[in-house]
Amino acid sequence: MSHHMSRSADSRFPVFWIRALGLAIAAGSILLIVPAAMAQGPPCLDQDGDGYVVCDGVCDPGELSCGDCDDFDNAVHPGATEVLCDGVNQNCLGMTEDHPDNDGDGYDVCSPDQAGDSDGLPADCADSDPAAHPGATEQCDNIDNDCDGTVDSFTTTCGVGACAATGTCTNGVDSCQPGTPSEEICDNVDNDCDGTVDSFTTTCGVGA
């Protein structure tokens with residue numbers, strides 16, 4: 001087993017930090033045991049050389065910057081570029097940065113097979129639009145609303161009764177055009193396209 005070992009900058013009291021075991025071994029016969037999660041190294045010692053250390057404002061100004069959340073990975077520090085869905089919080093702003101749901105629709109941008117996925121749901125394909133996510137109703141708006149990989153490629157309908165028609169939606173344009181209404185007659189058809197069928201008073205006969 002290989003261990004990451006570094007030495008304290010203070011040569012008077014050398015302390016060796018073993019990352020894999022979570023141990024701090026001081027010179028002589030003193031052995032300090034700390035939890036692995038806390039074994040980030042002594043204050044103001046930049047273990048990974050990224051210019052950031054795990055501290056709370058105790059370092060001399062201008063030497064190093066505080067705020068590192070993993071001092072054994074130089075790709076992890078405040079201001080680092082976040083790599084989405086890898087299960088690592090590179091910029092130290094919290095794990096929600098790794099699997100954002102910016103539009104609040106309940107779908108993050110990660111797939112269930114990715115380490116950073118938080119919801120077990122298919123990935124959101126448009127995380128700035130709450131109306132676009134897996135399972136959403138497709139609209140004729142040149143957006144892949146249901147995240148199936150296609151945009152506006154479906155049949156549309158319009159009009160009612162005798163005016164009902166079909167069309168297609170392509171690139172946000174609906175070609176459907178309803179028919180022209182006609183005078184209502186008693187034939188079990190909505191001739192005037194008002195949404196009702198044969199709902200009117202009739203007369204017959206002449207004279208008294």
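Figures for the structure shown
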| item | result |
| --- | --- |
| Gyration tensor (alpha-carbon) shape descriptor, the range 45-150, a/c threshold 1.5 | prolate |
| Net lengthening on full extension, ASP119/ASN142 (0.36 nm per residue, minus Cα-Cα) | 5.6 nm |
| Amide H partners (placed H, <5 Å) of THR156, local residues excluded | GLY167, THR168, CYS169 |
| Separation in nanometres of the label points that stand 7 Å from Cα toward Cβ, at THR150 and THR196 | 4.0 nm |
| Backbone HN-Hα couplings from phi across the range 188-197 [Karplus 6.51/-1.76/1.60, Hz, Gly and Pro as x] | 6, 10, 7, 5, 8, 6, 9, x, 10, 10 |
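Each reported figure results from applying straightforward, stated rules to the coordinates on display, with no laboratory input. All values reported here derive from a predicted model rather than from experimental measurement. Virtual Cβ from ideal backbone geometry, glycine too; neighbours counted across all protein chains shown.
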